[in-house]
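Participant: Encoded as structure tokens, here's the structure I'll be asking about.
The values are calculated or read from the model by the stated rules, or taken from the named source; none is laboratory data. Remember, predicted model here, so these are calculated numbers, not experimental data. For neighbour counting, all protein chains shown are included, and Cβ atoms are generated from backbone atoms with ideal geometry for every residue, glycine included.
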Amino acid sequence: MDNLENINTTSRIGYRWLILLGGLCIVVFPTVIFLFVFLFPIDLFLLEIMVLFIIYPILIVILHFKIGEYPEEHPRSDEPKKEIIHITVLYSLLIVGVIIIVLIMLSAGLDLTNRYGLEQNLLVFFLLPVFGIYIPYALIRFVDKPPWTLEEQGLITEIKQPLVWIYVIGITIGLGVAEIFLLAVTGMLTTVIVPWWFFLLVILSNIFFEEYLFRAIILTKFERITTQGKAIILHAIIFGLVHIPTNFFFAVLMGQPFNLIGGIILLIIQTLAGLVLGITYAKTRSLIPCCITHYLMNYFVLLVLIYPW
């Protein structure tokens, strides 16, 4: 029945309208940036701040209120304190995992700030699943009763809420195109040369681990103890906070100057990204659009500019 409802919903919307929406999302934001750059003398930093604090929040509000619909909330837990303990334990173990990875990198003499390093990425890929997948799965499989189904874990392939899929993917690509345009008009657009195996690292990304832990597990547990809106906000905040080590301290550990403003801006961006991904998951109940959007957030601009050798 769910498949028939999804097909009927898509038919009522019309594939032409879906394509039009996606196209508008991809085109409209670079156009807005173009107008501001050429019609108004505005500093690049101020323009980025405007995008961060005005345009992106407006897009999130539109996603929340106008794009797609929220399904029924998860039933409230009979033991909310237990859910809070689970969230705290999972989050704490993830922080411990990050610290362990950092210590291993430092002891091996690896550059923490080199996102293209093979050893760094492989280390993250093989260790992070312990804290992002295996431990959370053991929790919902052996501790929570009854055990979670695959659908409750967001592991479904049905395209529910197609407007949400197209909107979030479209705005992410659109903002990426706008960023490339800004780099071009300011003379900062350069080709990034990376080794051939970097494409493998993009595939072996930690994005699925983050999505499974934060969207499928932590967001769902928050929904079981509070309203859907508060759950999305709370999970987005802790999603942003988990990036504090990389935002503020990795460069310092490698002997580079401490950048407070840059770290705060990254923290805000990551929290807003958490809101987008949280709303997307809450409406679609699928990890697939979240993973696609997260990949585009992290790699779209880079993949456009890289030149393998």
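Participant: Tell me the residue from Thr284, Thr293 that is more than 14 Å from the chain's Cα centre (by Cα) and either among the acidic types (Asp, Glu) or crowded, with 18+ Cβ neighbours inside 10 Å (or both), please. It would help to see each step written out before you state the result.
Facilitator: Working: Thr293 fails: more than 14 Å from the chain's Cα centre (by Cα).
It is Thr284.
Participant: A follow-up question, please. Hey, could you check region 220-236 for residues that are of a type in the set (A, V, I, L, M, F, W, C) and part of a helix (DSSP H, G or I) and say which is farthest from Ile49 (Cα to Cα)? Let's see the steps before the verdict.
Facilitator: In the first step, residues of region 220-236 are kept if they are of a type in the set (A, V, I, L, M, F, W, C); the result is 222, 225, 231-234, 236.
Filter once more, so that each one left must be part of a helix (DSSP H, G or I): 222, 231-234, 236.
Numbers: Phe222: 30, Ala231: 27, Ile232: 24, Ile233: 21, Leu234: 23, Ala236: 20 Å.
By that ranking, first place goes to Phe222.
Participant: For region 213-220, check the following and say yes or no: at least one residue is at pLDDT 90 or above, surrounded by 17 or more Cβ atoms within 10 Å (Cβ to Cβ) and more than 19 Å from the chain's Cα centre (by Cα). Give the steps one after another, and end with the answer.
Facilitator: Filtering region 213-220 for residues at pLDDT 90 or above gives 213-220.
In the following step, the residues that additionally are surrounded by 17 or more Cβ atoms within 10 Å (Cβ to Cβ) were identified as 213-220.
Retained after the next criterion (residues that are more than 19 Å from the chain's Cα centre (by Cα)): none.
Checked against the condition, which is being at pLDDT 90 or above, surrounded by 17 or more Cβ atoms within 10 Å (Cβ to Cβ) and more than 19 Å from the chain's Cα centre (by Cα), region 213-220 yields no hits at all.
Participant: Restricted to region 72-109, and to residues that are more than 26 Å from the chain's Cα centre (by Cα) and part of a helix (DSSP H, G or I), which residue is farthest from Leu219 (Cα to Cα)?
Facilitator: So, considering only residues that are more than 26 Å from the chain's Cα centre (by Cα) and part of a helix (DSSP H, G or I), the one farthest from Leu219 (Cα to Cα) is Ser107.
Participant: Among the residues of region 144-156, is any in a helix (DSSP H, G or I) and either at pLDDT 85 or above or of a type outside the set (D, E, K, R) (or both)? Working first, answer last.
Facilitator: From region 144-156, those in a helix (DSSP H, G or I) are none; that's our starting set.
No, because not a single residue in region 144-156 is in a helix (DSSP H, G or I) and either at pLDDT 85 or above or of a type outside the set (D, E, K, R) (or both).
Participant: Right, next: Between a residue in region 204-227 that is more than 15 Å from Gly278 (Cβ to Cβ) and any residue that is among the polar types (S, T, N, Q) and surrounded by 19 or more Cβ atoms within 10 Å (Cβ to Cβ), which pairs come within a Cβ distance under 8 Å, given they are 6 or more apart or on different chains?
Facilitator: Final answer for the pair search is Leu204/Asn121.
Participant: Here is a follow-up. Of the residues Ile203, Ile171, which is under 29 Å from Leu52 (Cα atoms), out of contact with any helix residue (DSSP H, G or I) (no Cβ under 8 Å at 6 or more places or on another chain) and modelled with pLDDT under 90? Step through it out loud before you land on a result.
Facilitator: Values: Ile171 fails: out of contact with any helix residue (DSSP H, G or I) (no Cβ under 8 Å at 6 or more places or on another chain).
Exactly one residue qualifies, and that residue is Ile203.
Participant: Still on this structure, I have one more. Within region 145-167, how many residues are buried (at least 17 other Cβ atoms within 10 Å of the Cβ) and under 17 Å from Thr220 (Cα atoms)? Let's see the steps before the verdict.
Facilitator: Taking region 145-167 and keeping what is buried (at least 17 other Cβ atoms within 10 Å of the Cβ), we get 148, 152-154, 156, 159-167.
From what's left, under 17 Å from Thr220 (Cα atoms): 148, 152-154, 156.
Residues in region 145-167 being buried (at least 17 other Cβ atoms within 10 Å of the Cβ) and under 17 Å from Thr220 (Cα atoms): 5 in total.
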